[in-house]
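Have a look at the structure below before the remarks.
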Amino acid sequence: MTERSSSPANEQADMSAKPDLHIYLAAPRGFCAGVERAIQIVERSLEKYGQPVYVRHEIVHNRHVVDRLEKMGAIFVEELDECPDDRPVIFSAHGVPKSVPAAAQARNMVFLDATCPLVSKVHIEAERHAKNGRDILLIGHEGHPEVIGTMGQLPEGKVILIESEQDAQNFTPKDADNLALVTQTTLSVDDTSSIIGILQKRFPSISMPYKEDICYATTNRQAAVKEIAARCDMLFVIGAKNSSNSKRLAEVGKVYGAAKSYLVPSSKYIDWDKLDGLKSIGLTAGASAPEYLVEEVIKTAKTRFNVTIEEVEVTKEEVIFRLPRELRQAS
């Protein structure tokens, strides 16, 4: 059998035999400062306390991240009752109701809070409004851990969930002059703006956040998707199906001109045959998706196409959130 030569001439021939594919790579993409901080909290806790360390709920919504931390010695559970008293427990980046750390304290447990500081900001705002006698409207998705955590900062009934424009139209307040608004941080900027507009029109005196609660990372990633959506034949968002910010990215892509927009966990979930005949694709990743998943998509694309990459950056992110004091001291 004659072996095929790997000379530069043959490599050039291989490239010319492949169809061209242009990849618009959105930036920023992937991990945000809150996700980086949460993952570091688990890693540093394992260094300080040894194995195992328990984590209540997925630390962030990405199975690849969770699997890696499990291999390092983290045990993920859904409720505090599943944790022993004598091992540390970490609360996820999405935040928890006040009852959870209170229960951990009652059991004399070592616990660390990995709640994103921007989610904590929403918690603080909600408590401030409640102290001032206001009823609080929360724009968010029922059942999402962040929404459960925010609503759990105050007594039941004090926070009213608004999920849609219809909810905003139908809501009847006890006192229209004593309302305040907060939002889930990972929603679509456009969807939230429309709901906010309805509430402001119906209740002109509603107290708004000092700064919009949708986090900088969500806003930036959506802005980057808006920039590339209309340029590409197909858009891929790398992220978990239970990741709110990732799902919103795929929705934003479709609204802003991508003919087809898909949320996929990794390159393995892409039907590559559907890319035959396409000239360009867009590529981004949700705030809890590691960059190596993006690199795997590009690597796989290069086996089938003559790939050119154009990174479209709308802004640079330089935000860093500090670790809890006990872990800073440990490091």
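Here are a few things to note about the model shown:
- Working from label points 7 Å from Cα in the Cα-to-Cβ sense, the ARG325 to LYS98 distance is 2.1 nm.
- When each of the peptides 234-242, 123-131 is scored by the mean number of other C-beta atoms lying within 10 Å of its residues, the order from highest to lowest reads 234-242, 123-131.
- Considering segment 252-331, its Cα convex hull presents a mean projected area of 8.0 nm².
- In segment 250-288, trypsin sites (Lys or Arg not before Pro) in a DSSP loop with at most 16 other beta-carbon atoms within 10 Å: LYS260, LYS279
- For the chain, the longest principal axis of the C-alpha atoms and the axis of helix 216-229 are separated by about 40°.
- Applying both filters, DSSP loop and at most 10 other Cβ atoms within 10 Å, to the trypsin sites (Lys or Arg not before Pro) of segment 160-226 gives LYS174, LYS211.
- You can think of it this way: the chain between GLU142 and ASN178 has 10.6 nm of extra reach, that is 0.36 nm per residue less the Cα-Cα gap.
- The simple Förster model, with R0 at 22 Å and r as the Cβ-Cβ distance, assigns GLN166 and ASN242 a FRET efficiency of 0.35.
- Shown is the FRET efficiency for TYR210 and ASP85, computed with R0 = 41 Å from the Cβ-Cβ distance and rounded to the nearest 0.05: 0.55.
- Kirkwood radius and radius of gyration were both taken over the C-alpha atoms of segment 10-120, and their ratio Rg/Rh is 1.24.
- Between the helical axis of 117-131 and the longest alpha-carbon principal axis of the chain there is an angle of about 20 degrees.
- Annotation for segment 193-213 versus segment 230-278: alpha-carbon center distance of 31 Å.
- Those lysines that a straight Cα-Cα span of less than 24 Å connects to LYS158, excepting residues fewer than 8 apart in one chain: LYS98, LYS121, LYS131, LYS174, LYS201, LYS211
- Rounded tilt (10° steps) of 291-304 against the dominant C-alpha axis of the chain: 20 degrees
- Measure of compaction for segment 192-331 (Cα Rg per 2.2 N^0.38 Å): 1.27
- Rounded to the nearest 20 debye, the dipole size of segment 33-116 about its Cα centre is 220 debye, using +1 on the Cβ of Lys and Arg and -1 on the Cβ of Asp and Glu.
- Reciprocal mean inverse distance between Cα atoms of segment 153-250 - Kirkwood radius, Å: 15.3 Å
- Per-bin percent of Cα-Cα distances, segment 87-218 [10 Å]: 12, 44, 31, 10, 3, 0
- Tensor-based shape of the chain (alpha-carbon gyration tensor, a/c under 1.5 rounded, otherwise prolate or oblate): oblate
- Rounded to 0.05, the FRET efficiency of the VAL110 and ALA17 pair, given R0 = 51 Å and the Cβ-Cβ distance, is 0.30.
Any read-out appearing in this document is the output of simple, stated calculations on the displayed coordinates, not a laboratory observation. Predicted model, so just to flag it, every value in this text is computed and none were measured. As a convention, Cβ positions derive from the backbone with ideal geometry for all residues, glycine included, and neighbour counts pool all protein chains shown.
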